[in-house]
Amino acid sequence: MTPGGPGALRAAAVALALVLVLALAGCAVVEPPSREDDGDEAPAEAPEPDRDADSEAGMAAVQRLLADARAASDNGDNDRAGALLERALRIRPDSAVLWHNLAIVRYREAAYEQAADLAGRSLSHAGDNRELKARNWQVIAASRQMLGDEDGAARARERARGLQEAGGD
Amino acid sequence: MARKQSRKRSTSRKRTFPLRRWLLIGLAAALVAAAGYVAWLDYEVRTLFEGKRWSEPATVYARPLELYTGRALTPDELITELRAAGYRQAGDGARPGTWARHGSTVDLTTRAFDYWDGSEPSRRLRVGFADGRVQTIQRRASGEALPLVRVDPAAIGAIAPTRREDRLLVQLDDVPVTLIGGLLAVEDRAFHRHFGVSPTAIARAALANLRAGRIVQGGSTLTQQLVKNLYLSSEQTLARKLNEAVMAVLLEMRYDKRTILETYLNEVFLAQDGNRAIHGFGLAAPYFFGRPLAELSVDQQALLVAMVKGPSRYNPRRHPERAKRRRDVVLGIMADNGVISPEAAREARGRPLGMVDEGASTRHDYPAFMDLVQRHLQRDYRREDLQTAGLRVFSTLSPRAQDAAERAVRRQLEGRPDSLEAAVVTVNADSGEVTALIGGRNPRFAGFNRALDARRPIGSLIKPAIYLAALERPSGWGLGSILDDSPLRLEDARGEVWTPRNFDRTFRGDVLLVDALTHSYNIPAIRLGMDVGVTAVTDVMRRLGQDAPRRAYPSYMLGTAERSPLDVARMYQVFAGDGFRTPLRSVRAVSDDDGERLKRYPLEAERVIDDAPLYLINYALQRVVREGTGQGAYDVISRDMDLAGKTGTTSDNRDSWFAGFSGDVVGVVWMGRDDNGTTGLTGSTGALPLWAQTMDAVARRGFRQERPDNVVPVWVDAETGRRTHEACTGARQLPYHRGHEPEQWTECGRRRAQRNDDGDGWLRGLFR
């Protein structure tokens with residue numbers, strides 16, 4: 001075996017995971033936060049008028065902030081992007097998409113522990129949104145990889161794959 | 001000839017050498033000394049001037065109100081926010097910093113504001129409300145709908161040097177021209193012509209003083225007054241006056257009139273507020289009138305100008321009549337000099353002084369919160385930089401939450417003994433931002449900050465940590481587990497025997513785990529804590545952000561650990577925040593005086609409690625408020641609002657606690673005495689009503705949990721905790737960790753379950 005072999009392989013794997021996450025991140029940031037609400041609603045329960053207003057409250061504001069956050073992150077100003085997402089989260093703290101995007105921003109800032117934790121927080125709000133759940137597991141996998149937790153990363157990748165396969169049919 | 005002359009000169013020089021030479025040397029020495037003296041004065045005045053000119057304490061702002069369509073907010077609440085931000089009701093709300101209300105519509109014009117993340121322009125807005133929510137936000141000119149607007153925040157305080165000198169810097173262009181005109185007309189008519197001192201003014205003053213036989217008039221120019229203010233001395237020696245005059249001339253040589261005038265406006269001493277000196281018109285305006293300088297009416301401007309002559313003598317709060325007479329004199333001078341029209345002066349003279357109550361001025365209203373901000377910032381900034389670098393600090397304080405908490409404290413403590421103290425903390429459940437903080441029964445008094453510094457035994461507030469430690473071991477405990485509530489004998493750290501009691505001094509035999517927490521029984525909690533292990537409980541406490549001893553005794557289960565209300569907020573935030581520990585923050589960001597971002601304090605979150613045990617413990621904490629020791633909350637709050645929380649009472653009723661949360665707010669209340677004496681209050685009778693009143697005004701979203709996949713509802717028998725069937729007597733539904741449902745069944749339950757299984761099988765067969 002050549003001396004640099006396994007190291008180079010590992011570096012390539014990390015790079016691949018990184019590219020994957022960033023590509024996904026790009027998508028995630030554009031996604032409107034309304035998607036997650038599809039899964040939330042229990043059909044049996046009659047929606048209270050107040051709750052209805054709650055679910056619509058601040059949607060337009062959140063969309064605007066999300067767009068600004070994306071622009072800031074694309075400009076390399078992840079600090080500002082994070083602040084804009086936090087503003088949006090103060091309006092909609094139950095939005096799994098916002099937590100997910102905040103995780104992505106932290107990942108881009110190389111704050112991997114925070115990225116993994118915030119992706120976990122997104123998971124706890126993701127309801128039945130398998131696609132978003134899978135993405136969160138991908139962020140967790142990539143973050144753990146960067147932190148040197150190979151086993152943890154593999155487990156997270158497994159979770160992501162399970163969700164993607166199940167969601168594919 | 002030349003030679004002769006030269007010889008003659010040389011001889012004559014030789015002859016006059018002693019006298020003239022010495023004279024010349026003396027003159028030169030005097031010149032050098034004078035030059036040195038002047039250079040020293042120049043250095044001195046320049047240092048003082050530059051130091052003052054560029055020394056500005058950090059300004060702390062409240063969090064800006066985010067207005068967006070759909071936000072739960074009433075017109076009254078908006079107006080409370082606007083008032084806190086120094087807005088006033090005026091005309092049609094078309095000038096920056098004003099509002100006007102027409103029924104369910106509020107017109108307002110925001111002020112341009114430099115946030116740390118960019119500037120926002122002034123906007124003329126119309127905000128429509130319906131059903132307790134913001135329905136529309138429109139530009140008034142075009143009708144264009146806006147989804148989101150930040151309303152410029154209240155300046156809530158300044159981090160001033162220990163000398164307790166306070167100011168709010170203004171730029172010359174922001175000062176009303178009538179105020180400048182009035183100031184010059186009264187204090188220094190020749191300001192634009194003189195070179196620092198005014199010989200004619202001095203002569204005029206000297207003549208007047210001679211005639212009167214005492215000092216009745218000063219001939220000082222504004223520049224001289226500025227020098228005097230910079231020196232901060234009222235010494236009246238001749239040498240001092242000479243120094244001041246020379247320095248005034250030097251200042252005029254170095255700086256233009258605009259710079260000098262601007263510095264004067266920011267420097268002049270105008271009032272003493274306790275141990276705080278009010279310097280500059282910029283701060284005097286909100287201090288006396290509760291609004292920014294740019295928004296003062298002519299009579300208010302004249303009153304400020306009147307105070308220059310004698311801040312103490314003409315203090316309008318202490319000597320209203322004398323101040324009014326002086327103000328009217330100033331108005332007269334302003335009219336005489338064409339600063340305002342005679343009609344305007346007449347009209348202004350007819351107005352009352354128009355001050356706000358002392359203490360109602362918009363700054364320094366939040367001493368406890370400011371204390372928290374300062375402690376936060378001192379981790380990252382040097383004291384001098386905070387005091388002088390003009391930093392802008394964007395805090396998390398919600399004026400509305402603070403206002404609500406203050407009103408609740410006033411109402412709940414009214415008529416109670418003076419020795420009874422209180423502290424309140426409110427925190428945003430998800431972001432960990434501290435939104436209100438009260439450190440004592442008088443929230444305006446900057447004394448002992450009990451919210452941060454009163455560390456008291458937490459009593460039963462520790463119980464959720466004990467029960468959580470148990471519920472994290474689902475094979476051992478569930479909400480329906482039977483706990484033993486019978487007499488218990490324990491040995492304490494010194495080997496002494498003690499027998500803990502329940503609050504009502506009765507024993508109940510067997511109780512369900514969920515009920516033991518709901519009703520806060522002591523003995524089952526101690527037994528449970530000992531069964532699950534003290535280290536398991538201290539481990540939970542550490543994950544909830546608390547220090548915990550490496551070795552603890554059973555008495556730890558009774559809440560002997562001493563914590564501040566802020567510590568308790570940190571602990572309960574985890575329950576409210578999905579099991580994520582989020583460091584509490586009082587500052588969002590800091591920028592420098594050019595608006596450049598220096599530091600941001602981002603939201604952080606770390607999962608410390610897993611989904612399933614969190615769901616179970618929060619279920620129990622909701623029962624506490626629905627039917628247990630916290631049910632008094634619903635005497636105040638609508639039953640539609642889902643809440644969770646826990647009471648705490650310490651021995652002999654010394655401390656009365658309540659910690660709890662809605663979906664959006666975590667609130668912690670402590671009541672007790674500084675001398676640790678008995679209050680006669682329990683958590684339910686003391687802290688709870690105050691908590692409920694605060695939450696009623698602040699909470700907008702009920703606490704609702706999404707049931708995790710690995711938690712299932714299970715029917716258990718209310719007496720025995722055994723698994724049963726819905727139709728059996730005594731059946732009660734409780735959430736359980738999937739796969740850890742009770743193994744034993746009641747007789748009725750088993751029979752019913754078997755029958756149903758059969759039935760299901762039969763149906764399945766039929767409908768295949």
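Quick look at the numbers
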quantity: Stokes-Einstein D in µm²/s, Kirkwood radius over Cα pairs - region B:471-524 at 10 °C with 1.306 mPa s viscosity; calculated: 130
quantity: From the C-alpha gyration tensor of region B:26-179, square roots of 5λ in Å; calculated: 49, 16, 13
quantity: Positive-end extreme of charge dipole, chain B - chosen from B:348, B:633, B:337 (charges on Cβ); calculated: B:337
quantity: Charge dipole of region B:544-687 about the Cα centre (unit charges at C-beta), most positive-ward option of B:679, B:568, B:558; calculated: B:558
quantity: Size of electric dipole in chain B: Cβ of Lys, Arg +1 and of Asp, Glu -1, about Cα centre, debye, nearest 20; calculated: 5000
quantity: Residue exposure sequence - B:591, B:651 - by fewest surrounding Cβ within 10 Å; calculated: B:651, B:591
quantity: Long-range lysine pairs (8 or more apart or interchain), chain B, Cα under 21 Å; calculated: 10
quantity: Ranked B:37, B:264, B:255, criterion: other C-beta atoms within 10 Å, fewest first; calculated: B:37, B:255, B:264
quantity: Nonlocal amide H pairs with residue B:716, under 5 Å, H built at 1.01 Å; calculated: B:724, B:732, B:733, B:734
quantity: Tensor-based shape of region B:664-723 (alpha-carbon gyration tensor, a/c under 1.5 rounded, otherwise prolate or oblate); calculated: oblate
quantity: Cα-centred dipole magnitude for region A:54-169, charges only on beta-carbon of K, R (+1) and D, E (-1), debye, nearest 20; calculated: 80
quantity: Kirkwood Rh and Cα Rg combined as Rg over Rh, evaluated for chain B; calculated: 1.15
quantity: Interatomic Cα distance distribution for region B:64-152, bins of 10 angstrom, percent; calculated: 18, 57, 24, 1
quantity: Principal semi-axes in Å for region B:160-349 [√(5λ), Cα gyration tensor, largest first]; calculated: 24, 21, 17
quantity: Residue-averaged beta-carbon neighbours from other chains (10 angstrom radius) around A:79-92; calculated: 4
quantity: Translational diffusion of the protein assembly as shown, µm² s⁻¹ [Kirkwood Rh, Cα pairs; Stokes-Einstein; 25 °C; 0.890 mPa s]; calculated: 76
quantity: Net dipole in debye of the protein assembly as shown [+1 Lys, Arg Cβ; -1 Asp, Glu Cβ; about Cα centre; nearest 20]; calculated: 6420
quantity: Dimensions in Å of region B:462-560 - Rg and Dmax from alpha carbons; calculated: 12.9, 35
quantity: Dipole of the protein assembly as shown, positive end: most advanced residue of B:154, B:34, B:260 [Cβ charges, Cα centre]; calculated: B:34
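A short reminder: the numbers here are calculations on the coordinates, not readings from a lab. Everything numeric in this text was worked out from a predicted model, so none of it was measured. Heads up, the Cβs are rebuilt from the backbone with ideal geometry, glycines too, and the neighbour counts pull from every protein chain shown.
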